[in-house]
Amino acid sequence: MKKILITFVAIFSLFFCSTVFADDTNTIVSETMTAQQLVNQYATDYDITLEQASDLLGINLYERSSQTYRTISTQITVTNSYKPSISFYCETTEYGTYHGIIRVLRTEINRNYNGMSKQFSGSLYVNLEQADRIFYIINGDFFNNGSSTLSGGLNIGIGESASVNFGGSYVSNHYKYVYHEGRVHF
């Protein structure tokens, strides 16, 4: 009987439990975070106040919550010498070895790479296809000079999609056009 139970647990684990992995070596999944930790991380990443980060992520820090969060970042290749990354700020559900993404709260393009920073003008489409998979399309132009602003929010659940637009102000010295589709697995 004990052997049957162990076999059942092993089979169950193979089919119904997942582990955190990335579809390539360019994807990084953070450790599990609380709401406060995610807000702190976002504020640090984009040099803004905690209140601004909380508002942008749609997280009320004054409300007790047992929700869990993670960031998932994947690097894209624009050229061999410039590889920015896309970050997804996610609300997750986690129980033992099972985990899944409930919502993608926000996405950003980290335009810094190896001491270089470019500006981006274009769009980023995000689809939370399933609890373990995000599909994305980045389509636009990188510039050597100017500034970038994000317009539109993102707060999507499973089976939902949205696009955010990045506007370039005073952009000049075109660097490279990019169109890239990808999937990030969780």
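The values are calculated or read from the model by the stated rules, or taken from the named source; none is laboratory data. Bear in mind the structure is a predicted one, so any value in this text is a computation, not a measurement. Cβ atoms come from the backbone with ideal geometry, glycine included; neighbour counts cover every protein chain shown.
Quick look at the values:
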| item | result |
| --- | --- |
| Boolean, THR71 is surrounded by 14 or more Cβ atoms within 10 Å (Cβ to Cβ), modelled with pLDDT of 85 or more and touching a Cys at 6+ places or on another chain (Cβ under 9 Å) | yes |
| Subset of region 143-161 (residues that are of a type outside the set (Val, Ile, Thr) and modelled with pLDDT of 95 or more) | GLY157, GLY159, GLU160, SER161 |
| Test result for LEU38, at pLDDT 95 or above, assigned to a helix (DSSP H, G or I) and closer than 30 Å to ASN165 by Cβ | yes |
| Extreme residue, surrounded by the fewest Cβ atoms within 10 Å (Cβ to Cβ), among residues of region 128-186 that are within 16 Å of the chain's Cα centre (by Cα) and of a type in the set (Asp, Glu) | GLU181 |
| Single residue of TYR89, TYR125 found to be within 11 Å of the chain's Cα centre (by Cα) and closer than 18 Å to LEU150 by Cβ | TYR89 |
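So that you can scan it fast, the table gives a plain yes or no per residue for (1) of a type in the set (D, E, K, R); (2) free of Cβ contacts under 8 Å to residues at least 40 places away in the same chain; (3) not in a helix (DSSP H, G or I):
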position: THR25; (1), (2), (3): no, yes, yes
position: THR44; (1), (2), (3): no, yes, no
position: ALA53; (1), (2), (3): no, yes, no
position: ASN60; (1), (2), (3): no, yes, yes
position: TYR69; (1), (2), (3): no, yes, yes
position: ILE72; (1), (2), (3): no, no, yes
position: SER123; (1), (2), (3): no, no, yes
position: VAL126; (1), (2), (3): no, yes, yes
